[in-house]
């Protein structure tokens, strides 16, 4: 079945040289925080002030960000028929897309820097639901941390856009305190773009995503692969 493609009336973030990040926190060293010396010495990340979101997520793939379920992040969107993928994991190694490729000389798409083809840029859409653990509900700030997404992504929580980031496999953090419901289930949606303007300065060997959600007192680690 062919997908309806609607091109934008403005330059998307992943094709805009003036945009690298929106609403990300400043880069920093990352450590797991514990409430006691005994917890820290246990080496058990499950005892830290963090929540890991790795697991099975809902997934949909489009040939371009301008096709497929564009409003998949809405609270009333029905994801019941979506396929499932493992996070972390590459979508190409889970039966989606054109398959992994290896090239360290030629680009696998028409070269026209800094432009990325609108009709040839696979877009993976992910969804998961989670509750904030009781031990994390009393901090001052909740952070959503992505350990590395290849090559760019937009994130929503409970239907609200949180931000955007690119920089293949570099960590990105967002302050999501105001977006989370501490007493109910939350919906996290991530839209991943296989390529962005930064792709022209990347090594073309591989395409991966790692997603990590965390906070000062809530830390969620996940990895999402796409592209």
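Numbers at a glance
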read-out: Residue list for the range 8-31, restricted to those being surrounded by 13 or more Cβ atoms within 10 Å (Cβ to Cβ) and either out of contact with any helix residue (DSSP H, G or I) (no Cβ under 6 Å at 6 or more places or on another chain) or farther than 23 Å from residue 155 by Cβ (or both); value: 11, 12, 13, 14, 16, 20, 21, 22, 23, 24, 25, 30
read-out: Where a residue in the range 91-108 is over 26 Å from residue 58 (Cβ atoms) and its partner, wherever it lies, is part of a loop (DSSP other than H, G, I, E, B) and modelled with pLDDT under 85, with Cβ under 6 Å and at least six apart; value: 103/204; 104/204; 104/205; 108/101
read-out: Any hit, the range 95-113, residues being crowded, with 16+ Cβ neighbours inside 10 Å, part of a strand (DSSP E or B) and within 21 Å of the chain's Cα centre (by Cα); value: no
read-out: From the options 39, 44, residue that is over 18 Å from residue 191 (Cβ atoms) and touching a helix residue (DSSP H, G or I) at 6+ places or on another chain (Cβ under 7 Å); value: 39
read-out: Residues located in the range 114-140, provided they are over 22 Å from residue 67 (Cβ atoms) and either over 15 Å from the mean Cα position of the chain (by Cα) or not in a strand (DSSP E or B) (or both); value: 114, 130, 131, 132, 133, 134, 135, 136, 137, 138, 139, 140
read-out: Residues that are closer than 27 Å to residue 78 by Cβ, modelled with pLDDT under 95 and in contact with a strand residue (DSSP E or B) (Cβ under 6 Å, 6 or more places away or on another chain), drawn from the range 122-146; value: 146
read-out: Qualifying positions in the range 70-107 - touching a helix residue (DSSP H, G or I) at 6+ places or on another chain (Cβ under 6 Å) and within 25 Å of residue 145 (Cβ to Cβ); value: 85
read-out: Selection within the range 78-93 - loosely packed, with under 15 Cβ neighbours inside 10 Å and either at pLDDT below 95 or part of a loop (DSSP other than H, G, I, E, B) (or both); value: 78, 80, 81, 93
read-out: Selection from the range 176-198 of residues that are assigned to a helix (DSSP H, G or I) and out of contact with any helix residue (DSSP H, G or I) (no Cβ under 8 Å at 6 or more places or on another chain); value: 177, 178, 179, 198
read-out: Test: residue 5 is surrounded by 14 or more Cβ atoms within 10 Å (Cβ to Cβ), modelled with pLDDT of 95 or more and assigned to a loop (DSSP other than H, G, I, E, B); value: no
read-out: Filter result (modelled with pLDDT of 95 or more, in contact with a helix residue (DSSP H, G or I) (Cβ under 9 Å, 6 or more places away or on another chain) and assigned to a loop (DSSP other than H, G, I, E, B)) within the range 51-69; value: 65
read-out: Tally, over the range 46-72, of residues that are exposed (fewer than 13 other Cβ atoms within 10 Å of the Cβ) and free of Cβ contacts under 8 Å to residues at least 24 places away in the same chain; value: 2
read-out: Residue in the range 141-160 that is surrounded by fewer than 18 Cβ atoms within 10 Å (Cβ to Cβ), touching a residue at least 12 places away in the same chain (Cβ under 8 Å), out of contact with any helix residue (DSSP H, G or I) (no Cβ under 8 Å at 6 or more places or on another chain) and not in a loop (DSSP other than H, G, I, E, B) present; value: no
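The values are calculated or read from the model by the stated rules, or taken from the named source; none is laboratory data. Quantities reported herein were computed from a predicted structural model and do not represent experimental measurements. Using ideal geometry, Cβ is built from the backbone for each residue, glycine included, and neighbour counts are taken over all protein chains shown.
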